[in-house]
Amino acid sequence: MEILTKNRSSMAALTKCIVAFILLSFQQLSYSEPIQLNISPSGNDYLISPKIKYYRDDTNGLTASEVSSLKNEVFSSFPKGEYVLPANHDIYWLKFSLRNAVNYPTTWYLNNLGTEVELFRLYQVMPSGEVKLISDRSLDQDVGYYESAPNVRLDLEAQQQVEYLLQIRQFRLNAVVMHVSDQKNSELRQRYVWGFLALYTGCMLGLIAYNFFLFLSLKDPAYFWYVAFAANMLLGVNFTTRFFDPIGIHFGSAGVHFGVALLATVPGVAAMFCRSFLKLKFQNLIANRLALVLFGITIVNAFATILFYSQWSFALIKITNILVFILVGVSGVQAMRAGFAPAKYYLISWGIFLVSVIYWTMGQINLVEISHFNAYIAIFGNMLEMMTMSLALGRRVRALQDERYSAIMKAREGESYRRLVRIMCHDIVNPLSIILGHISISRKKFQDVPKLDKVWDKLDRAGYIISNLIDSVRDMEKQKTNGGKFELAAVNLKDAVSHVNFVFSRKLEDKDLSLQSSGLDKDVLVMAEAHTLYNEVLSNVVSNAIKFSSPGGSIEINVLQSSGKVRVEIRDYGMGMPEKIRQSLFDPNVASSQIGTQDEAGTGFGMPLVFDFMKIYGGNVKVSSVEKNGDSENESSGTLIELEFVSLVV
């Protein structure tokens, strides 16, 4: 009898299970195992994303009733841990079931960590198949304090199982991290989000006000672009998170679209800030142009975002963000290597933001566990970035002030030096003129005394050297004072060579040298400045050729014309010069003076002046030399100076 009773009980239990299974099979439930909601003394918070299935409505036209009638097979599951929906402006329908596992009614709250959603509309699917709207959070509805993130109240009866449909659309890549929480945890999450946004807003407003005041005081463009950068980020974040709604600043969908457009300009404004901070206009022309191009592209993309709001605009935002990180990194490293100390702090500030963005991205693709901190780490990183960048601006101002002070001190020292040079040249020329005059008179008076001829020659030569030295110093000073600017005009090389031949006729005669020229059968005009070409460029080169030539030798001046250029070759066959001297011949800071074949001394100023003046003329100068080896005869020894001018056709 007992066995029969037990069998009947087992059969009854089995029958109930079969009937329940059949009934549940006809109900429109998403899962055979819904999310079990239990009450716990320690608080209640359930992550329901793993149980959610989604369907993409690329028509954006399906109703909740139409979606509820779709078969479960058309819904997709998220890959394990990857709860990400792309920002393609299509509507997604999320489907999930909840079951109240206790024997009394309970109240729960559905939360989403992300705040940047255009549409968050929750429906309940009734047992009859009817669909009931529970909550509608769209861009055209105001939100109150602590309501930046979606938060929907759910009332469940005892042991009740309910199927929900969530209609969602978002304008930025965001993880769909859905929680069902009790009231305590829900309010805590909402206050956390709102409090964090309030902290961010307050900090950014303080930085903007402080740096805007510095911009008005210092008139430094870097501060203007900093303020523009910070303001764009602040407004973009606050418009897209709808943080301003509770205080009556509500723009609906237009405000969010405007916020996205502001965020689209952020890479361009950041590029302009980089351009100003690192002085790319003067330091790196390629980076400077890239910054200007990025700024233009982002402005155009911002208008395109407002007008069309397409996924192409969002793709361009990503591309420009990547480009600005590359621009900042490369330019910052180059500036730091060039000795610009504030660049280090600038790179640190960007590094902080880059790390936060990487960590945020890792959370979106499930490389790290998604959390409140991870969801808002990029905004937190931006706040730290702007704080560090403000300190970097202070370092920059200090560095620039030090540079200006050094420049002022150098200018004052330079002016004192130039005044001293002018006074010394003036004071030396007057006594020198008197000395040379008395030498000339004495030479005529004692011309019948042959023994004194060598004395007069040495005195004349000494006076000539001093006079040339003074002229060289004056020309060098004139070049520095004018910033290397002279009035260039057409100069006839035929006249210039004739002038040099006349000036050095006595020296050539003393050393029994011949000066031969070719290519001057007709006038040859070049762009130059007559005085410096006659007395500095050609005179210095020919003087050196005479000094280093052996007695009885020859000096050649050949003028060649081709392709709009005129090349003057001045060649001697003298002692030549060592390679070490040739390499530093044009450096005024390196002693390059040599003793001539008859112990003639030099100043070392001549060839650097030749080089500087040829650059001013728009030309060039080249030197090749073969040094004479000791006392042995070397017919190939000597020096060739090539002066290249811009030709002017007669």
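For His179, His438, His499, give me the order by solvent-accessible area with a 1.4 Å probe, most accessible first, ignoring ligands, DNA and RNA.
Working: His179 30, His438 115, His499 60 Å².
Sorted descending by solvent-accessible area, the residues read His438, His499, His179.
Can you give the FRET efficiency for Val590 and Lys318, using 1/(1 + (r/R0)^6), R0 = 45 Å, r = Cβ-Cβ distance, to the nearest 0.05?
Numbers: r = 54 Å, r/R0 = 1.19.
Plugging the Cβ-Cβ distance into 1/(1 + (r/R0)^6) gives 0.25.
Hey, which lysines would be in cross-link range of Lys565, C-alpha to C-alpha under 23 Å, not counting anything within fewer than 8 residues on its own chain?
Lys485, Lys494, Lys522, Lys615, Lys622
Quick check on segment 504-588: of the DSSP beta bridges with both residues there, what percent are antiparallel, nearest 5%? Working shown, then result.
On the way: 8 of 13 bridges.
That works out to approximately 60 percent antiparallel.
For the pair Ser498 and Met527, what calculated FRET efficiency results from E = 1/(1 + (r/R0)^6), where r is the Cβ-Cβ distance and R0 = 22 Å, to the nearest 0.05?
Numbers: r = 19 Å, r/R0 = 0.88.
So the FRET efficiency works out to roughly 0.70.
Among Val542, Leu560, Met527, which residue has its Cα positioned farthest towards the positive end of the charge dipole of segment 489-561, with +1 placed on the Cβ of Lys and Arg, -1 on the Cβ of Asp and Glu, and the dipole taken about the Cα centre?
The residue sitting farthest along the positive end of the dipole is Val542.
Just to verify a number: what accessible area does Asp523 come out at with the full protein assembly present, 1.4 Å probe, Å² rounded to tens?
Rounded to the nearest 10, the figure is 80 Å².
Accessible surface of Ile348 in the full protein assembly, 1.4 angstrom probe, to the nearest 10 Å²?
Taking all protein chains as shown, Ile348 has close to 80 Å².
Keeping all protein chains in position, work out how much accessible area Asp155 exposes to a 1.4 Å probe, and write it in Å² to the nearest 10.
Number for this one is 90 Å².
The values are calculated or read from the model by the stated rules, or taken from the named source; none is laboratory data. Please read all numbers here as calculations on a predicted model, not as lab measurements. Here Cβ is always computed from backbone atoms with ideal geometry, including for glycine, and neighbour counts include all displayed protein chains. Accessible surface areas use protein heavy atoms only, side chains included; no ligands, DNA or RNA. Shrake-Rupley method; radii C 1.70, N 1.55, O 1.52, S 1.80 Å.
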